[in-house]
1. Could you name the aspartates and glutamates in cross-link range of Lys248, using Cα to Cα under 19 Å and dropping any fewer than eight places away on the same chain?
2. Tabulate in residue order the Karplus-calculated ³J(HN,Hα) for the range 8-18, using 6.51 cos²θ - 1.76 cosθ + 1.60 with θ = phi - 60°, rounded to whole Hz; enter x for Gly and Pro.
3. What residues qualify as long-range amide H neighbours of Asp423, i.e. H under 5 Å apart, gap of 5 or more or another chain, H built at 1.01 Å from N?
4. For Leu46, what residues show an amide H to amide H distance below 5 Å, using hydrogens built from the backbone and excluding near sequence neighbours?
5. Where the eigenvalues come from the Cα gyration tensor of the range 146-260, what are the semi-axes √(5λ) of the equivalent ellipsoid, largest first, in whole Å?
6. How large, in percent, is the carbon and sulfur part of the accessible surface of the range 5-127 at a probe radius of 1.4 Å?
7. Quick one: pull the percent of accessible area on the range 386-441 belonging to carbon and sulfur, 1.4 Å probe, ligands and nucleic acids left out.
8. Lysines within cross-link reach of Lys279: Cα-Cα under 21 Å, excluding same-chain residues under 8 positions apart?
Amino acid sequence: MELKKKSYIETYGCQMNFSDSEIVASILEKQNYEPTTDIKAADLILLNTCSIRDNAEQRVRNRLNELHALKRKHPGLVIGLLGCMAERLKDKLLEEERHIDLIVGPDGYRQLPQLLEQVESGQKAINVLLSADETYADINPVRTGGSGITAFISIMRGCENFCAYCVVPYTRGKERSRNPQTIIKEASELFEQGFREVTLLGQNVNSYRWEENEMQVDFPALLEKVAEVNPLIRVRFATSHPKDISDKLLEVIATHENICKSIHLPIQSGSTRVLGMMKRGYTRDWYMDRIEAIKRIIPGCAITTDIIAGFCTETDDDHNETISAMREVEYDYAYMFKYSERPNTIAAKKYPDDVPEEVKSRRLDEIIALQQELSLKSNKLDIGKEFEVLAEGVSKRSDQQLFGRTSQNKVVVFARGNYNPGDYVKVKVVSCTAATLRGETTND
Ligand code: SAH
Ligand code: SF4
Ligand code: F3S
């Protein structure tokens, strides 16, 4: 038997990239590469990269410098760059980072075998073509990273919203949905393998739409079908765009016990003027109407968000509207960023990046401090309540403790007892920090 080569994939950026790395691992496995977690043993190192902010790219550049040293010691080593940074910078990267052998964009992974052959024959290889229909629907991802309990399922790719600040439409290409039958099949197989939670992924997951002959499947219909795979499989999804968070979708979530009561709904800014410049496609009032619908149709649903501080022309008044929006919604959790200008985006071409760095920092600090307060408040409200927790693994601090999540996606730590990862456990919350709940099991 031919000796297997070893591949090592390091993933940066969003959940979509983590999901893509599992697809890449699957394609490589068929080419006689087996995954390793020991980078020094690897024959092939792939970095699956992110371009969303400048610091995301800087991290990869620093990592490449470290890999350069490794390659000097191990000349046969092949180094490749995948993902959004590969797509954004294309062959420029081959000039700037001379020890890279291979560049592959998000829609080119099927070509990896041929590209690797090209590298073996001594050439550099690149494929950064974007596709209108690639969804990797037939590729069975190798579940490399996870716990064996939770898994990602990519259901759509690309984005055509062109928010003014965002690089994703340029790096991920056209929006396209994946055949629903292949999604349901993947969820069923995961359940049979012992997985107990799937997260349906897409940049605008709720804009999902599949049409074939007479059949039309929108996101509420797909979500329902996945939930019906088995009542014991939990279903999550990310990220929802506010424009497509319909009452119909909220009703599907409300009526299925196993669809998690947690919605990630990025607001970006609380100022309608700034939202307009961002080209987000909604006003503050429209967003707040959707929040009100979530609270009305799904009582107890967690709401989380993304916020950008210091977008072009943002004034103190605009910033204060973001602060007031956060207080109005009372987010359970938020991802918070300083605006980072990305080359060739609409904002980079049309607007000055005119909020001084120290003002961006001050506003971001204020947003983070407020969210800390809101997260703590939200967690304190859970004290004394009982939740069904899906145990995901053994706590890092002690093997006598398990951690898991509530339907609201909050992490709970509790004494292990006779429970194992994969079990549903009734837990009463007894204390908390802003980040974690601590509980006691109450099952018989
Ligand atoms: N598709 C999702 C999010 C994609 S990127 C959505 O539309 O909400 C994840 C988050 O990164 C965004 O929600 C935004 O808050 C942030 N982000 C994107 N581009 C950015 C930039 N240029 N500077 C700072 N943050 C950015
Ligand atoms: Fe970027 Fe906007 Fe698309 Fe989200 S919806 S990926 S922020 S362009
Ligand atoms: Fe980054 Fe690309 Fe995801 S830019 S956030 S890895 S889609």
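1. Straight-distance partners of Lys248: Glu211, Asp218, Glu224, Glu228, Glu257, Asp289, Glu292.
2. Rounded to whole hertz, the list is 10, 10, 10, 10, 10, x, 8, 4, 4, 5, 4.
3. Ala391
4. Under 5 Å from the amide H of Leu46: Tyr8, Ile9, Glu10, Gly80.
5. On the way: eigenvalues 110, 52, 40 Å².
Ellipsoid half-lengths, sorted descending, are 23, 16, 14 Å.
6. So the carbon and sulfur contribution to the accessible surface is 46 percent.
7. Looking at the range 386-441 in its full context, I get 43 percent from C and S.
8. Excluding near neighbours in sequence, the set is Lys174, Lys243, Lys338, Lys349, Lys350, Lys360.
The values are calculated or read from the model by the stated rules, or taken from the named source; none is laboratory data. As the structure is a computational prediction, the values presented were derived from the model and not from experiment. No Cβ is skipped: glycine too gets one built from the backbone with ideal geometry, and neighbour counts run over all protein chains shown. What goes into the accessible areas is simple: the full protein's heavy atoms, side chains included, and nothing from ligands, DNA or RNA. Shrake-Rupley method; radii C 1.70, N 1.55, O 1.52, S 1.80 Å.
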